[in-house]
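Right, one structure below, let's go through it.
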Amino acid sequence: MAAGSTLLLLLLLPWLVPALLSPPGCKIRITAKGLELVKQEGLRFVEQELQNITVSDLHGKEGPLHYNISQVRVTDLQLASSDLHFQPQQHLVFNISDASISLRFRRQLLYWFFYDIGSINASADGVHIHTVLRLAKDEVGRLKISNMTCNASIARMQAGFSGTLRKVYEFLSTFIITGMRFLLSQQICPSLEHASLVLLNSLLDTVPVRNYVDDHIGIDYSLMRDPAISMDTLDLDFKGMFFPRTRENQEVENHAVEPVIKETERMVYVAFSEYFFDSAMQAYFEAGVLTIELQGEKVPKDLEVLLRATFFGTIFMLSPAVDAPLRLVLQASAPPRCVIKPSGTSISVSAFLNISLVPPGHPAIQLSSMAMEAKLSAKVFLQGKALRVQLNMRRFRIYSKQSALESLALFSLQAPLKTLLQLTIMPIINGRHRCCLCMAGAQQDAASFHLSLPAERTKKGVQIPLPEGMDFTKEVVTNHAGFLTVGADLHFSKGLREVIEKYRLAPTVPPRPSSPPAEPSADPHPL
C-alpha cells in the first residue's frame, strides 16, 4: 500500500511542482545589448575605483641599502580591452586585459653614507583582471551581488630613476619593483570587491521592492526567485502585486497566464500579466475609493432635466421635496477586470448607480438603483520608468435591478449617462490625472461633489523596478494572449558614481511602518 502511494506521488510530482510555483505578475529581461550599455557605464566606474587604490608603504633593508617607499598613488589608468558577459546560471563575468597603471610614489633611500629623497614614476603593464559576480535575491526579494571571485595579475612593471644615485637605483630596481608589483596586484581585487559587494549593492538598493503608489495602495516588486541567466539574457521574475495600504500583508492569488519573453533584439523587455492590472484594481476596490458622487450643481443640467422627467411621477408624489437637489452615486460593485488580447487591452467595470433626492435637513430619498456595465479600452505606455494607462469608453449599458419593465424605462438614460462619463470622468482620468492604472482618491467639496480618482502624485505612474539613474527610451508595446510586453532601449540619466554617492550616507532600507503613514511624500519611497 505504501509503495503504491509513493508511486502515485512520483507520477503526480511533475504536475504538482509547477502548481506550487506562482507565476510572476511582472518579468524583466536584460539582453546582451543592454549588458553592453551597462559595461560602458560600469567601465567608467571601475576606472574611478582603481584610481583610488591605496598601496601600503614598502620599507626595509637590503645589505647597505635602507629604503622606504610611501605615498603611492595612481596617476593614470588605461583599460585597453574589457568584456562583460552572461554566464549561466547566475553569474556575470567581467574581464579586463592588457591594461596599464601609472604610479607615482615617494622614495627615501640610505646607501652607506648617502641619503636621498624624492619621487619615482612607475608603470604597471599587461594588467589582467578576471572577476565573476554571482547574482541572487536577498531575504526581502531584492536583486543583489551575493558573491564575487577575482584574480588579478601584472605582467611587467618598470620605473624611471634619476638623481645622483641613479646607478644604484637601477642596480636595485628589480627588488623594489618586484615588491611594488606584488603590493599593487594585491590591492586590485579588494578594491573591486568593495566596489561590487558594497557600492554596487547600494545602487541595487534603489530598486523598489515594496512601494506606496499613492494614499490608498502599494505595490510588491519582490523577486520570486533567483535570476535566470543564459548566454544572451538575464531574466527577473517579480511578484508584481498591488495591495491596499490598510491591509499590507494581503495576498492575491495569481491565476493569470505567465508572461513569456522570447525576443532579444532590444536592450530590455518588461512583461505584465493580467494579474498585475487586476491586483491594482482589486486593491483600489478594497480601499473603497472606486466611487463617483455628483450632487446639486455638479450634475450636468441636461442630465438633471432628463432624470427629473424620467422620474417625474415619483418626484411629484414627494412634495414638498420636488425641488430638492439630485444626487448621483456611482460605485463599483466588484473589482474591475483586465483582459489582454493580441488585438488590444480592455477593462470591464460593473457598478451600481443610485439616484436620489437630497432635501435640505432631511434624509436622502432614493429614486432608483440601477446596475451599470462598461467596457473600457486601455492604452498602456511607458514614460521614463513610469507605467501609465490611458482609458477610453467602448461599451456602456444600464439596467434595473428590480424589473425588466424599469430597465426599459431607463433605456433613455443610457446615452446621456455614457456622455456624462465620457465628458466628465474620462478627461479627469486621462488628462489632469493621467495615471498608473485607473482609480484612486482625490476629493473636492465633499458636500456637493465627491470623486475618488487618482491622487495628484500618481500622475507620475507606477515605477518599473530598475535602479535609479537608468531609464527607458524608444518603447514599443506588444500585446499577447494574457500579457503584454514593452521592448525598449536603456540610457543612463545619472552616472553610477552619482547615484551611489547620493545614497552612501542614507539608510538603504528604512524600517517598514507598523501602520499606514498619514500621507506619503511626492516621491516614491520604499516601505
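Data overview
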| quantity | calculated |
| --- | --- |
| Matching residues, region 120-146, being in a strand (DSSP E or B) and more than 23 Å from Gln187 (Cβ to Cβ) | Leu135, Ala136, Lys137, Leu143, Lys144, Ser146 |
| Filter result for Glu265 (part of a loop (DSSP other than H, G, I, E, B), within 22 Å of Cys338 (Cβ to Cβ) and not aromatic (Phe, Trp, Tyr)) | no |
| Selection status of Ala256, farther than 30 Å from Leu328 by Cα, part of a strand (DSSP E or B), among the hydrophobic types (A, V, I, L, M, F, W, C) and not assigned by the TED database to the domain that holds Arg134 | no |
| Qualifying residues in region 51-81 (those that are closer than 13 Å to Leu184 by Cα and hydroxyl-bearing (Ser, Thr, Tyr)) - the one most open to solvent (accessible area, probe 1.4 Å) | Thr54 |
| Among residues of region 58-81, those that are of a type in the set (Asp, Glu) and modelled with pLDDT of 85 or more, counted | 1 |
| In region 214-223, the residues that are open to solvent by less than 40 Å² (accessible area, probe 1.4 Å) and at pLDDT 90 or above | Ile217, Gly218, Ile219, Asp220, Tyr221, Ser222, Leu223 |
| Hits in region 327-351 (condition: farther than 30 Å from Ala271 by Cα and touching a residue at least 40 places away in the same chain (Cβ under 8 Å)) | Leu330, Gln331 |
| Positions within region 279-303 being at positive phi and in a loop (DSSP other than H, G, I, E, B), in sequence order | Gly288 |
| Sole residue being open to solvent by 30 Å² or more (accessible area, probe 1.4 Å) and modelled with pLDDT of 95 or more, chosen from Glu274, Glu297, Glu293 | Glu274 |
| Some residue of region 336-348 being within 44 Å of the chain's Cα centre (by Cα), of a type outside the set (Phe, Trp, Tyr) and at pLDDT below 90 | no |
| Cβ-Cβ under 8 Å pairs, at least 6 apart or on other chains, region 59-77 side assigned by the TED database to the domain that holds Ala99 and more than 20 Å from Leu103 (Cα to Cα), far side open to solvent by 50 Å² or more (accessible area, probe 1.4 Å) and hydrophobic (A, V, I, L, M, F, W, C) | Glu62/Phe175; Pro64/Trp112; Leu65/Leu110; His66/Leu110 |
| Asp226 at pLDDT 95 or above, within 16 Å of the chain's Cα centre (by Cα), farther than 27 Å from Lys502 by Cα and not assigned by the TED database to the domain that holds Ile120 | no |
| Qualifying residues in region 469-484 (those that are on the phi > 0 side of the Ramachandran plot and surrounded by 15 or more Cβ atoms within 10 Å (Cβ to Cβ)) - the one modelled with the lowest pLDDT | Gly469 |
| Pick from region 334-353, criterion assigned to a strand (DSSP E or B) and open to solvent by 60 Å² or more (accessible area, probe 1.4 Å), ranking: nearest to Lys379 (Cα to Cα) | Lys341 |
| Residue within region 238-253 that is among the β-branched types (Val, Ile, Thr), open to solvent by less than 20 Å² (accessible area, probe 1.4 Å) and not assigned by the TED database to the domain that holds Leu143 present | no |
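The values are calculated or read from the model by the stated rules, or taken from the named source; none is laboratory data. Everything quoted here is computed from the prediction, not taken from an experiment. Glycine gets a Cβ as well: all are built from the backbone with ideal geometry, and neighbour counts include every protein chain shown. We work out accessible area using only protein heavy atoms, side chains counted, and drop any ligands, DNA or RNA first. Shrake-Rupley method; radii C 1.70, N 1.55, O 1.52, S 1.80 Å.
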